[in-house]
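*Asks:* Below you'll find the structure I mean.
Throughout, read-outs are computed from the coordinates displayed, never taken from laboratory work. Computed from a predicted structure; not experimentally measured. Cβ coordinates were reconstructed from backbone atoms using ideal geometry, including for glycine residues, and neighbour counts include every protein chain displayed.
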Amino acid sequence: MKFLTTNFLKCSVKACDGSNDNFPLQYDGEKCTLQQNNDIEFNAEFLTNILDRVDWDAILTVAADLGNNSLPREKPVLGTNGDLTEDDLAVLRDLHTLLICTSIVEGQMQCKNCGHIYYIKNGIPNLLLPPHLA
Amino acid sequence: MDRVDRIELGSSMLPTPYVNCDYETVYEPCEDSFLLLDCLEDQQEYLGSRFQDALSVVCELGPGTGVVTTFMMQNGIPTSGKSVYFGVDISPWALEATRDTVRRNKCDGIFMETVQCDLTSCLKPGEVDLLVFNPPYVPAENVPEIPDDAVDRSRWLDLALLGGENGMAVTERLLQQLDTVLSRNGVAYILFCARNHPEEVAERMRNEYGWEVELVIHRKAGWEVLSVYRFSRKIM
Ligand SMILES: C[S@@+](CC[C@H](N)C(=O)[O-])C[C@H]1O[C@@H](n2cnc3c(N)ncnc32)[C@H](O)[C@@H]1O
Ligand SMILES: [Zn+2]
């Protein structure tokens, strides 16, 4: 499961929907096995669109869960005149490496509201609930 | 059924993905799958212009073999180089098959993730721009329970087919989630068979919930009539 996906997954438990703690899930850095795939082609326009869209605070939180505290506190702002500067490109490349090339192959994450633990196996997160919670 | 059959059925131009999965556990692409492909092909221009300006988050519910998601990826639907794809299925077999189909069709360069989940319950609200669902729509007494373990293989196939009362039990739950899961500009394409009474469903979604609902394609398939409806919010 690619890092970017953590920006879209919340706890499946319905009762948690009213809470602000059901997103992002809390990733267990000790139990998560990360994999880096640097063969994925970098596409600056794609990354620009991703950056526009993501919840930056959630990215920061999950990155910290996984032991990465090097991201800027504020969402990077790219040059506004359409042309990307060298600095912009460097930012986008870093994000490409983190959001697209980094995946969690095995691991687990937990809802900060209800404490339910979800597992990632063979790169596939399982957010199905056991019958008594569904 | 393969690509040639699909071309004979309609006037399709876009290539159909190559699919080769274990059909004892995963729903084999059929008339309904191909109707959805033809629908998306017809809607390609509409979707392209609707979503040209930004990233599109695409979610296929119940991708099964992954034929529909792979088709979208291959053909840049809704947009090329600006879309990310999520396949959300209740069946672990379907998710494996989907990943496999994406790979076989050389789409690995495109962002696609598989997630095991019941409908949209794990998706952050308001994020999905394009939702596609070919649900279990066959009327049946009940929607089958989720098999206890992945070992009980063929029972996963029942989940792909059986839709409870009027075949609408699963689709009905999804319709109730639509407002939560779709982005402001989001659209959903949902497949129905005639026994689902889709016209009544569409009317209810228009009147009670204020959705814009349009029949975009329909076709006779054996003794079934299949149709796809498009749901979006009314632009005030
Ligand atoms: C009719 S098959 C469609 C498969 C594929 N999309 C196609 O068109 O060929 C329905 C799919 O929905 C999945 N499914 C059934 N109930 C579901 C649920 N509650 N949440 C997510 N997926 C579900 C099944 O596992 C199956 O893969
Ligand atoms: Zn929770």
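*Asks:* Which of rounded, prolate or oblate describes region A:1-44 when judged by the alpha-carbon gyration tensor and an a/c cut-off of 1.5?
*Replies:* Working: a/c = 3.87, a/b = 1.90, b/c = 2.04.
Oblate.
*Asks:* Another one. As I understand it, the value is the acute angle between the Cα axis of helix A:56-65 and the longest principal axis of the Cα atoms of chain A; what does it come to in degrees, rounded to 10?
*Replies:* Roughly 70 degrees between the two axes.
*Asks:* In addition: In a GNM of chain B with a 10 Å cut-off on Cα contacts, which of B:V19, B:V216, B:V138 has the highest mean-square fluctuation?
*Replies:* Answer for the Gaussian network model of chain B: B:V216.
*Asks:* Separate question: Specify whether the C-alpha gyration tensor of region B:85-236 places it in the rounded, prolate or oblate class, a ≥ b ≥ c being the square roots of the eigenvalues: rounded for a/c under 1.5, otherwise prolate if a/b is larger than b/c and oblate if not. Working shown, then result.
*Replies:* Details: a/c = 1.63, a/b = 1.19, b/c = 1.37.
It is oblate, given that a/c is not under 1.5 and a/b is not larger than b/c.
*Asks:* Per residue of B:108-117, what is the mean number of Cβ atoms on other protein chains within 10 angstrom of that residue's Cβ?
*Replies:* Working: counts 3, 4, 2, 8, 1, 10, 5, 9, 9, 8.
Average neighbour count from other chains, rounded to a whole number: 6.
*Asks:* On to the next question. Given DSSP loops and a limit of at most 16 other Cβ atoms within 10 Å, what is the longest stretch of chain A that contains no such GluC sites (Glu not before Pro)? Walk me through the intermediate numbers first.
*Replies:* Values: sites that count: A:E30, A:E41, A:E74.
My reading of the result: A:75-134 is the longest stretch.
*Asks:* Further question: Hey, what did region B:121-220 get for relative contact order, percent, Cα under 8 Å, at least 6 apart? Display every interim value, and only then the final one.
*Replies:* Numbers: 133 pairs, mean separation 35.9, N = 100.
For region B:121-220, the relative contact order is 36 percent.
*Asks:* On a 0 to 90 degree scale, rounded to 10, what angle separates helix A:86-95 from the longest Cα axis of chain A?
*Replies:* 20 degrees
*Asks:* Please state the shape class of region B:160-219: rounded when a/c is under 1.5, otherwise prolate if a/b exceeds b/c and oblate if not, all from the C-alpha gyration tensor. All intermediate terms of the calculation are to be shown ahead of the outcome.
*Replies:* Numbers: a/c = 1.62, a/b = 1.36, b/c = 1.19.
Verdict is prolate for region B:160-219.
*Asks:* While we're on this one: With an 8 Å Cα cut-off and a minimum separation of 6 or more residues, compute the relative contact order for region B:60-100 in percent.
*Replies:* Details: 48 pairs, mean separation 23.1, N = 41.
Here the relative contact order equals 56 percent.
*Asks:* For a protection proxy built on the mean count of beta-carbon atoms within 10 angstrom, sort B:168-180, B:198-210 highest first, please. Each step should come with its number before you reach the end.
*Replies:* Details: B:168-180: 17.8, B:198-210: 14.5.
Output ranking for B:168-180, B:198-210: B:168-180, B:198-210.
*Asks:* So which of A:K14/A:K121; B:K106/B:K234; B:K124/B:K220; A:K121/B:K234 end up more than 32 Å apart by C-alpha?
*Replies:* Details: A:K14/A:K121 23 Å; B:K106/B:K234 38 Å; B:K124/B:K220 37 Å; A:K121/B:K234 40 Å.
Beyond 32 Å between Cα atoms: B:K106/B:K234; B:K124/B:K220; A:K121/B:K234.
*Asks:* Which percent, to the nearest 5, of DSSP beta bridges fully inside the protein assembly as shown are antiparallel?
*Replies:* Working: 32 of 54 bridges.
Counting DSSP beta bridges with both partners in the protein assembly as shown, the antiparallel share is about 60 percent.
*Asks:* Among A:S70, A:S12, A:S103, rank each residue by its count of other Cβ atoms within 10 Å, from fewest to most, as a rough exposure measure. Write out the running numbers ahead of the final one.
*Replies:* Numbers: A:S70 9, A:S12 25, A:S103 20.
Going from least to most buried by this count: A:S70, A:S103, A:S12.
*Asks:* OK, next. If each residue of separation counts as 0.36 nm, what is the full-extension length gain between A:N68 and A:D87 once their alpha-carbon separation is subtracted? Walk me through the numbers before you get to the answer.
*Replies:* Numbers: separation 19, 0.36 × 19 = 6.84 nm, distance 2.07 nm.
Taking A:N68 through A:D87 to full extension adds about 4.8 nm, to one decimal.
*Asks:* Note down the relative contact order for chain A as a percent, whole number, built from C-alpha pairs under 8 angstrom at least six residues apart.
*Replies:* Result for chain A is 42 percent.
*Asks:* For peptide B:46-55, how many partner chain Cβ atoms fall within 10 Å of a residue's Cβ, on average?
*Replies:* Values: counts 0, 0, 0, 0, 0, 0, 0, 2, 4, 10.
Per-residue shielding by partner chains comes out at 2.
*Asks:* What ranking do B:R233, B:R103 get, fewest neighbouring Cβ atoms within 10 angstrom at the top?
*Replies:* B:R103, B:R233
*Asks:* If each residue's Cβ is checked for other Cβ atoms within 10 Å, how do B:S91, B:S154 rank with the fewest at the top?
*Replies:* Working: B:S91 26, B:S154 9.
In increasing order of surrounding Cβ atoms, one gets B:S154, B:S91.
*Asks:* Take the alpha carbon atoms of region B:107-133, find their center, do the same for region A:1-76, and report the distance between the two centers in whole angstrom.
*Replies:* 15 Å
*Asks:* Follow-up question, since we're still on this one. What is the dipole size for the protein assembly as shown, taken about its Cα centre, with +1 at each Lys and Arg Cβ and -1 at each Asp and Glu Cβ, in debye to the nearest 20?
*Replies:* Working: 31 positive and 56 negative charges, 74 e Å.
Around 360 debye, computed over the protein assembly as shown.
*Asks:* Using Cα atoms only, what is the angle between the long axis of helix A:44-53 and the major principal axis of chain A, expressed in degrees (0 to 90) to the nearest 10?
*Replies:* Its long axis makes an angle of about 50 degrees.
*Asks:* As an exercise, identify the chymotrypsin sites (Phe, Trp or Tyr not before Pro) in region B:6-85 lying in DSSP coil whose Cβ has no more than 14 other Cβ atoms within 10 Å. Before the final figure, lay out each step's value.
*Replies:* Details: sites: B:Y18, B:Y23, B:Y27, B:F34, B:Y46, B:F51, B:F71, B:Y85; in loops: B:Y18, B:Y23, B:Y27, B:F51.
Hits after loop and neighbour filter: B:Y18, B:Y23.
*Asks:* Okay, moving on. With chain B treated as a Gaussian network of Cα nodes joined by springs under 10 Å, which of B:I146, B:I110, B:I217 yields the largest mean-square fluctuation?
*Replies:* Most flexible of the set in this elastic network: B:I146.
*Asks:* A further question on this structure: Place +1 on the Cβ of every Lys and Arg and -1 on the Cβ of every Asp and Glu in region B:92-211, take the dipole about the Cα centre, and give the residue among B:G109, B:V128, B:V201 whose Cα lies farthest towards its positive end.
*Replies:* Farthest towards the positive pole: B:G109.
*Asks:* Turning to a different aspect of this structure: How large is the translational diffusion coefficient of chain A in µm² per second when you combine the Kirkwood radius over alpha carbon pairs with Stokes-Einstein at 10 °C and 1.306 mPa s?
*Replies:* Working: Rh = 15.8 Å.
Here the translational diffusion coefficient equals 100 µm²/s.
*Asks:* Gaussian network model of chain A, Cα springs within a sub-10 Å range: biggest mean-square fluctuation belongs to which of A:I124, A:I104, A:I59?
*Replies:* Of the options given, A:I124 has the highest mean-square fluctuation.
*Asks:* Remind me, what semi-axes does region B:11-166 give for its equivalent ellipsoid, largest first in whole Å, using sqrt of 5 times each Cα gyration tensor eigenvalue? Walk me through the numbers on the way to the answer.
*Replies:* Values: eigenvalues 130, 54, 48 Å².
They are 26, 16, 16 Å, listed from largest to smallest.
*Asks:* Ok, one more. Between A:T97 and B:D53, what's the calculated FRET efficiency when r is the beta-carbon distance and R0 is 30 Å? Round to 0.05. Before the final figure, lay out each step's value.
*Replies:* Details: r = 26 Å, r/R0 = 0.87.
That pair, A:T97 with B:D53, gives E of 0.70.
*Asks:* With no solvent and one equal point scatterer placed on each C-alpha of the protein assembly as shown, evaluate the Debye formula and give log10 I(q)/I(0) for q = 0.06, 0.08, 0.15 Å⁻¹, two decimals.
*Replies:* Log10 I(q)/I(0), no solvent term: -0.22, -0.39, -1.45.
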